[in-house]
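Coordinate-derived values only; no laboratory data. No experiment lies behind these values; they were computed from the predicted model shown. Because the Cβ atoms are built from the backbone with ideal geometry, glycine has one as well, and the counts that use them run over all protein chains shown.
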Amino acid sequence: MTAKILFVCLGNICRSPAAEGMLRAMAKERGIELAIDSAGTGGWHVGNPPDSRMIKTAAARGIDISYQRARKVDLSDFYQFDYLLAMDLSNYSDLLDLAPHNRTCDIRLFLDFADGDERETPDPYYGGPQGFQHVLDLLERGSAGFLNHLEDESA
């Protein structure tokens with residue numbers, strides 16, 4: 001069975017699309033088949049591509065996210081995905097508030113799977129280039145830890 005993962009941030013134009021791209025690339029390297037998507041808790045950017053700065057920063061690491069389009073979390077996501085992975089505590093709280101009681105997914109904070117002390121992936125939107133690099137570093141660590149988690153579960 002292929003695990004289905006939905007990454008969730010606020011607007012779905014920086015962190016969650018980058019997480020989707022990072023996990024997709026790292027899973028492919030490991031030969032792990034996953035269904036991966038991303039969404040935002042807010043709908044301001046629905047239909048738009050990721051932030052151009054994140055597209056450029058991800059591309060420099062060999063990750064293409066330019067084809068993605070922002071969407072808002074939908075009620076069906078709580079049943080279609082195995083994991084809803086929040087980028088920060090605010091997104092996590094919003095997901096828990098939106099989640100139906102009979103949901104079938106596991107809602108987690110993504111960086112709980114990463115090594116290191118940081119639990120939240122900061123929003124780089126209002127910062128400079130170093131913020132986008134830092135987010136990708138965190139997403140790489142989170143993706144590695146999450147893939148280890150999936151491998152341990154299936155062992």
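Mean sequence separation of contacting Cα pairs (under 8 Å, at least six apart), scaled by the length of the chain, corresponds to a relative contact order of 25 percent.
Determine the sum of side-chain charges near PHE132: Lys and Arg each +1, Asp and Glu each -1, restricted to other residues whose C-beta is under 11 angstrom from that of PHE132. Combined, the nearby Lys, Arg, Asp and Glu give +1.
Remark on the chain: Rg and Dmax equal 14.2, 42 Å (Cα only).
Ranked by how many other Cβ atoms sit within 10 Å of their own Cβ, fewest first, the residues MET54, MET26, MET87 fall in the order MET26, MET54, MET87. When the Gaussian network model of the chain links Cα atoms closer than 10 Å, the mean-square fluctuations of ASN91, ASN12, ASN102 top out at ASN102.
Magnitude of the charge dipole for the range 79-155, about its Cα centre and with charges confined to Cβ atoms of Lys, Arg (+1) and Asp, Glu (-1), is about 200 debye.
Taking other C-beta atoms within 10 Å as the exposure proxy, SER154, SER16, SER143 rank SER154, SER143, SER16 from fewest upward. Relative to one another, the C-alpha centroids of the range 69-142 and the range 43-63 are positioned 16 Å apart.
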